[in-house]
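**Student:** Below: one structure in structure tokens.
Only the coordinates and a few stated rules stand behind these numbers; no lab work does. None of these values were measured; they are calculated from a predicted model. Every residue, glycine among them, receives a Cβ derived from its backbone with ideal geometry; neighbour counts consider all protein chains shown.
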Amino acid sequence: MKTYRLGLHVGLKEGVLDPAGQATLQVLHQMEFAATEVRIGKWIQVVIEAEDEVRALAIGDEMGRRLLANPVMEAFDVTVTPL
Amino acid sequence: MKTYRLGLHVGLKEGVLDPAGQATLQVLHQMEFAATEVRIGKWIQVVIEAEDEVRALAIGDEMGRRLLANPVMEAFDVTVTPL
Amino acid sequence: MTLEETRQVVGIVVFPGSNCDQDTIQAIMDLGAIPRVLDYRLRQLPAIDRLILPGGFSYGDYLRSGALAAAAPIMDAVGEAATAGMPVLGICNGFQILCERGLLPGALLPNPHGEFVCRLETLRVTAVPSGFQGLSVGDRLALPIAHHEGSYRVSDGKLHELFEQGQVFLQYSDPDGVVHPLTNPNGSVANIAGVTQGSVVGLMPHPERAMAEYLGSADGRRLLQAWFGQKGGHGC
Amino acid sequence: MLTYAEVGLTLSEYQEIQRLLSRNPNDLELGLFGALWSEHCSYKNSKPFLAWLPNQGPFVVQGPGGNAGVVLFNQDYDVAFKIESHNHPSYVEPVQGAATGVGGILRDIIAMGARPIAVADVLKFGTNDKARALRQGIVEGIGAYGNAIGIPTVTGSVGYSALYDANPLVNVLAVGLLPHLQHIGADGAKPGSVLLLMGQATGRDGIHGASLLASQDFGTETEAMRPTVQVGDPFMGKLLMEATLRIVREGLADAVQDLGAAGLTSALAELAYASHVGVSLDVAAVPCRETGMSAYDIMLSETQERMLLSIPEANLEAALSAIETFALPVAEVGRVMPGDFLRIVCETQLLADVPTQVLVASCPRQVLADDFVERFTEPPVGESAPVPLTLDHDLGLRVIGHPDCQDRSPIYQRYDSMIQVRTVWGPQHDSAILRIGEGADGLQIAVAAPSRWALMDSVAGGYGAVVDVLSRIATQGSVPLGLTDGINGGNPDKPEEYQRVAGLVWGIAQAAQDFGVPVTGGNVSLHNETHSQAIWPTAALGVVARHPHPETPIPDRPSGKGLKIAVLNPPEELSLGGSVLAELLGRIGAYPRIVPDRTVQALRLMGDWARDPDTVGLLACRSVGIGGLFVALARALMSASPEYGADLRLSSDRAALELFNETAGQFLVFLDPSRQATWEHSAKRAGMTIAILGETTDSPQIKIQAGRTVTWELQALWQAFREGGEYHRVG
Ligand SMILES: Nc1ncnc2c1ncn2[C@@H]1O[C@H](COP(=O)(O)OP(=O)(O)O)[C@@H](O)[C@H]1O
Ligand SMILES: [Mg+2]
């Protein structure tokens, strides 16, 4: 067994309203940043044990589907780093 | 001016207790995942206009310091992707 | 002198999404002072004696509670006024904004159970902020809390200093004034519910909601009177 | 080409559209019909029996039909209030579904020009693991919206049954205040006015939410129809509320309509129909959140936090500048014209043109058979409720620990119940009491949704639900101003489900009639059925009342020992039908048909006593409802501080029936023994039974002598109340 750090970017699906992003964009404008879009999602890091990187990725994917992302509204991607 | 997508990972500083991460870890255990640590942070994507990648990175850094992360509790990193 | 006689003018800063502004205005008027609503877009403060940042969900509490409001145009002027010694009181979201702005030490993180909590709590006065009259160390106040992000934290090594310097104003306690982990509703370090720095005070409970016994408590009235430098009624 | 089935219509409905238009509708027009002729928008199945509900009374300012009912409160204020369901969306996505349910009903109140001052939530949950997760999300969502927009959630009701596993119910009541006789609604639009669409930019959210999601049963086929979930934004909601109320206050609008189910389609059609005008909308002028949205998408989107305003040309500048203050997006999207049409254009191109009369008022309705009502006169025959012969300790703990009787603080502490500083009685009590002005009358709000009562005999259940809410009002001597009802049922195409729902409404209508309180608005949610499993027919009743002395409510807990404990109006025929105990014993049975005259009289007497408590020596009281007298007594004692106990003497063979029957309209009263002659006389004069059960003690236990003596320590009751009897704690 080896140790890996999974990184999941979890964000709202395309087309789903992101009120937090909207409000943040408004304030960035007020602060005179030239931003045109803000989306706010989650960055979840999980340390796991797995046989290899392929297995680790599969576990990350399963975690995303079953718990870490809300399938109705969110999409996610997984990256793996060996520790 | 070119368009870039900034990606900011914002998370609690090392050593700061992350109750949401702990609670999630517990649930992962209940679901029989072999996880040992969970940290939950934010993944903020901002689309901006900038002269070049270096400038874009600097803007991302400034946004992180001034607004997107709380300097007392949080750390962040910035990545840039040209669009 | 009573508040009516001094006719103190209290600026109430309203951000988009503030929702305790009317309650605060009402409380201020009940005490005989003159409220003056200040729009978040102002860059200069009019002639006022004191400032309150009321509770609510400025900018929907998006990103982090208080963070977006802390960047509002008026906050430069609030910072200058505070430096010049004007009494500034941040209630709940106002407290979060003052921390985000760096006018108070520390930060308010989400409650560890991840849930909003609204109920009456007992608060113990641990240090009396400068300018307050009629409150003593050890007094207990019954005040409602209502927040999602009230877990007060400070950076490493800072806690000791806060206590040393008398900056810890209120702590969540049991009805007898004893502070212990079971009386901590939100995971705040050392049960801290309110802090002070110079003329700036921030607290999570809502004194403006505790203005009469039939509302559950009149201790909010006492706390606000103390802030005005007025000796209020008796403690519990 | 779209087919009628794709928009949720039947062939005969499609043929009716062809006939009424004298042509085939185009795709866009068909989409409009699909939305407006859906059950959710047209009430095609429920209209016939909603007509049974009395809607007139001395305080009614506006009955059903508008966005909310309005009743007179006092010289200065009217009260707008209504209940609304968000059941299906809350199952699909609990947090956002519940949150947008709160946002939606608040916008109904705001569209009446009223400032919301309170919310109450009526929730029904299932009992499996999935239901627990749904509950967590739903409670989170309700709090997330109400807390952030700053409207207190002051009372509510929670119930459980496995039948709600895949159909949780989320009914939300909102209450608002408006200046007396200030009128704004969808009905004032004048030709020449400009239509402004204010708030959130339109996205592809919830397209077909009303016609498909809310108007069909759940099954695997509906999975694929899931539209983009609507996300609530209480921050925008707050700005929208403030802007709308300012525009109304300054008299700048001639009509206001919120956007809810079926979005722009419904808002425009309602406004045109109610105002007797034509409207024209330019879809190219509607701000969109996404690129490439079709006219169809735009018309049917259910993006939240939008409001449609009709503004006379002369006020346009002032209105736009008011909106600007709140930094709200706004666009001029259309015009009001003389005529009767809903016209949709894209710049110069005509896309749709239908008479609003046809769109809004011509959907074929269910016709009731001649003998339909007769079927309700007699209670249905079925299994009767059990009759326990002895009282034992365990029964008490199991009832108070039943999910329907347990402590709700883990739920209501997640809601801000105190903001706006009016809440004298919040969710710890059986009803909410709000102060409205210094030393003035207050507002009492109560809800009840005793769905088990309707299981076997929905007429009895509907009647009982009304008596339950009105009894809560009677304990304070308040004057009920109006009722609102949320009807939730199964698939109306099944005759037995249809009849159960009809019976529920019939029961409500009879009770509203008997007690003389009008129903000024409500909601019907049918198709709460998954894989052919329907929910219990569930009525969520809400009432608003004028409280004579809100700063000093009649206590609901004893304040000393030696007080007489009595029941006012105990039922003559004792039955456990529909009760929690009956369920625990394995046979629910039919809820008793409540005797009208006597019960009307009982509520009247209770109200009289509460208005003059000193004369009769009334020291505290509670109405008896779910869990029966035992639960009412236990809750009264557990909430007193310092704690008192009770020492009761009951007849040995009837004790369990007396303690656990749930017949509404009886009251637990704590009376001053030195006034016994007065209250006995008063009850007798009114022809009412008052049964003295015992007295309060200063030892924290309930002791009941019924043949043998059974004793419950308050501590043990408290534990069951907090943690559940044989169940795990459910909240
Ligand atoms: N969903 C809710 N929101 C707010 N308050 C609630 C809610 N559910 C229950 N309560 C409060 O808890 C009390 C007890 O809850 P419940 O047993 O459901 O109602 P009751 O027995 O009064 O019909 C209610 O009277 C109400 O004040
Ligand atoms: Mg209730």
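**Student:** List D:W718, D:W609 from most exposed to least, where exposure is judged by having the fewest other Cβ atoms within 10 Å.
**Tutor:** Values: D:W718 17, D:W609 26.
Neighbour counts put them in this order, fewest first: D:W718, D:W609.
**Student:** Quick one: putting +1 on the C-beta of Lys and Arg, -1 on the C-beta of Asp and Glu, what dipole do you get for segment D:5-361 around its Cα centre, in Debye to the nearest 20?
**Tutor:** On the way: 21 positive and 38 negative charges, 125 e Å.
The dipole magnitude comes to about 600 debye.
**Student:** Now for a separate question. So, counting K/R as plus one and D/E as minus one, what does the shell of residues with Cβ under 14 Å around D:P355 add up to? Write down the numbers at each step before the final one.
**Tutor:** Values: positive: D:R19, D:R23, D:R343; negative: D:E16, D:E29, D:D340, D:D353.
Once all neighbours under 14 Å are counted, the net charge is -1.
**Student:** I want to check the label-to-label distance for C:L42 and D:L368. Put each point 7 Å from Cα in the C-beta direction and report it in nm to one decimal.
**Tutor:** Using points 7 Å along Cα→Cβ, the separation is 6.1 nm.
**Student:** I want to verify a result. In a Gaussian network model of chain B, Cα cutoff 10 Å, which of these has the top mean-square fluctuation: B:A23, B:A35, B:A58?
**Tutor:** Judging by the Gaussian network model, the answer is B:A35.
**Student:** Using a simple spin-label model with points 7 Å from Cα along the Cα→Cβ vector, what separation in nm is obtained for D:K130 and C:H160?
**Tutor:** Result: 5.5 nm between the two label points.
**Student:** Would you order D:M337, D:M236, B:M1 from fewest to most other beta-carbon atoms within 10 Å of each residue's own beta-carbon?
**Tutor:** The order, fewest Cβ neighbours first, is B:M1, D:M337, D:M236.
**Student:** Please average, across the residues of B:61-68, the number of beta carbons from any other chain that are within 10 Å of each residue's own beta carbon, and give a whole number. If you can, show how the numbers build up before the last one.
**Tutor:** Values: counts 0, 2, 6, 0, 0, 5, 12, 7.
Mean partner-chain Cβ count within 10 Å for B:61-68: 4.
**Student:** Follow-up. Averaged across C:138-151, how many Cβ atoms of other chains sit within 10 Å of each residue's Cβ atom? Walk me through the intermediate numbers first.
**Tutor:** Details: counts 0, 0, 0, 0, 0, 0, 6, 1, 8, 2, 6, 0, 0, 2.
Counting Cβ atoms of other protein chains within 10 Å of each residue's Cβ and averaging gives 2.
**Student:** Per-residue mean of other chain beta-carbon atoms within 10 angstrom of the beta-carbon, peptide D:421-428?
**Tutor:** Working: counts 15, 2, 4, 4, 2, 4, 1, 2.
That average works out to 4.
**Student:** For chain D, what does the relative contact order come out to in percent, with C-alpha contacts under 8 Å and a separation of six or more?
**Tutor:** 16 percent
**Student:** Per DSSP helix of 4 or more residues, -39500 (n - 2.57); summed, then divided by the residues of chain D. What does that give at 222 nm, rounded to the nearest 500?
**Tutor:** Computed mean residue ellipticity for chain D: -9500 deg cm²/dmol.
**Student:** Compute the relative contact order of segment D:5-361 as a whole-number percentage, counting only Cα pairs closer than 8 Å that sit 6 or more residues apart in sequence. Before the final figure, lay out the partial values.
**Tutor:** Numbers: 827 pairs, mean separation 76.6, N = 357.
The normalised contact order for segment D:5-361 reaches 21 percent.
**Student:** Next up: Evaluate the charge dipole of the protein assembly as shown about its Cα centre and quote only its size in Debye, nearest 20, assuming +1 on the Cβ of each Lys and Arg and -1 on the Cβ of each Asp and Glu. Mind dumping the intermediate values first?
**Tutor:** Numbers: 84 positive and 127 negative charges, 358 e Å.
The dipole magnitude comes to about 1720 debye.
**Student:** Moving to a separate point now. By how many nm would the segment from D:Q349 to D:D614 lengthen if fully extended, with 0.36 nm per residue of separation less the alpha-carbon distance?
**Tutor:** On the way: separation 265, 0.36 × 265 = 95.40 nm, distance 7.38 nm.
Net length gain for the segment: 88.0 nm.
**Student:** Computed over the Cα atoms of segment B:1-73, what is the ratio Rg over Rh, Rh following Kirkwood?
**Tutor:** Details: Rg = 16.4 Å, Rh = 14.3 Å.
So for segment B:1-73, dividing Rg by the Kirkwood Rh gives 1.15.
**Student:** Another question, if that's okay. Say each of D:A51 and D:R23 gets a label point 7 Å from the Cα, pointing the same way as Cα to Cβ; how far apart are those two points in nm?
**Tutor:** Between D:A51 and D:R23, the simple spin-label model gives 3.3 nm.
**Student:** Counting Lys and Arg as +1 and Asp and Glu as -1, what is the net charge of the other residues whose Cβ lies under 15 Å from the Cβ of C:Q44? Walk me through the intermediate numbers first.
**Tutor:** Values: positive: C:R36, C:R41, C:R43; negative: C:D39, C:D76, C:E80.
With Lys, Arg at +1 and Asp, Glu at -1, the neighbours total 0.
**Student:** What list do you get for B:D77, C:D49 if you sort them by fewest beta carbons within 10 Å? Don't skip to the end; give the middle numbers.
**Tutor:** Working: B:D77 13, C:D49 16.
In order of increasing Cβ crowding within 10 Å: B:D77, C:D49.
**Student:** May I ask you to derive the relative contact order of chain C, considering only C-alpha pairs under 8 Å and at least 6 residues apart, and to give it as an integer percent?
**Tutor:** On the way: 563 pairs, mean separation 45.1, N = 236.
The normalised contact order for chain C reaches 19 percent.
**Student:** Further question: Within segment D:187-202, which residues have the backbone N less than 18 Å from the label spot 7 Å out from D:E324 along Cα→beta-carbon, could you tell me?
**Tutor:** Flagged as within label range: D:196-199.
**Student:** In a Debye calculation with equal point scatterers on the alpha-carbon sites of the protein assembly as shown and no solvent, what is log10 I(q)/I(0) at q = 0.04, 0.05, 0.08 Å⁻¹?
**Tutor:** These q points yield log10 I(q)/I(0) values of -0.21, -0.33, -0.89.
**Student:** Still on this structure: Once fully extended, how much extra length lies between D:S674 and D:A331, figured as 0.36 nm per residue of separation less the alpha-carbon to alpha-carbon distance?
**Tutor:** Here the segment from D:S674 to D:A331 would lengthen by 116.5 nm.
**Student:** Taking a ≥ b ≥ c as the square roots of the eigenvalues of the Cα gyration tensor of segment D:5-361, is the shape rounded (a/c under 1.5), prolate (a/b larger than b/c) or oblate? Spell out each step's value before the answer.
**Tutor:** Values: a/c = 1.42, a/b = 1.09, b/c = 1.30.
It is rounded, given that a/c, with a ≥ b ≥ c, falls under 1.5.
**Student:** Post the alpha-carbon centroid distance, segment D:242-281 to segment A:13-52, in whole angstrom.
**Tutor:** Answer, in whole Å: 34.
**Student:** Could you grab the Rg to Rh ratio for segment C:3-227? Cα atoms only, Kirkwood for Rh. Could you put the intermediate results ahead of the total?
**Tutor:** Working: Rg = 15.9 Å, Rh = 17.1 Å.
That ratio equals 0.93.
**Student:** Separate question: Pick out, from D:Q719, D:V447, D:I109, the residue whose Cα sits farthest towards the positive end of the charge dipole of the protein assembly as shown, with +1 on the Cβ of Lys and Arg and -1 on the Cβ of Asp and Glu.
**Tutor:** D:Q719
**Student:** Return the single residue from B:G60, B:G21, B:G41 with maximal mean-square fluctuation; model: Gaussian network over chain B, springs between Cα atoms under 10 Å.
**Tutor:** Result for chain B, Cα springs under 10 Å: B:G21 fluctuates most.
**Student:** Scan chain B and report its longest stretch carrying no GluC sites (Glu not before Pro) that are both in a DSSP loop and have at most 11 other Cβ atoms within 10 Å.
**Tutor:** Working: sites that count: B:E14, B:E32, B:E51.
With GluC sites (Glu not before Pro) excluded where exposed in loops, chain B gives B:52-83 as its longest stretch.
**Student:** Let me ask something else about it. For chain D, what is the convex hull (Cα atoms) projected area averaged across all directions, in square nanometres? Could you put the intermediate results ahead of the total?
**Tutor:** Values: hull surface 118.7 nm².
Taking the Cα atoms of chain D, their convex hull projects to 29.7 nm² on average.
**Student:** Could you pull the Rg and Dmax for segment D:288-332, using just the Cα atoms, both in Å?
**Tutor:** 13.0, 34
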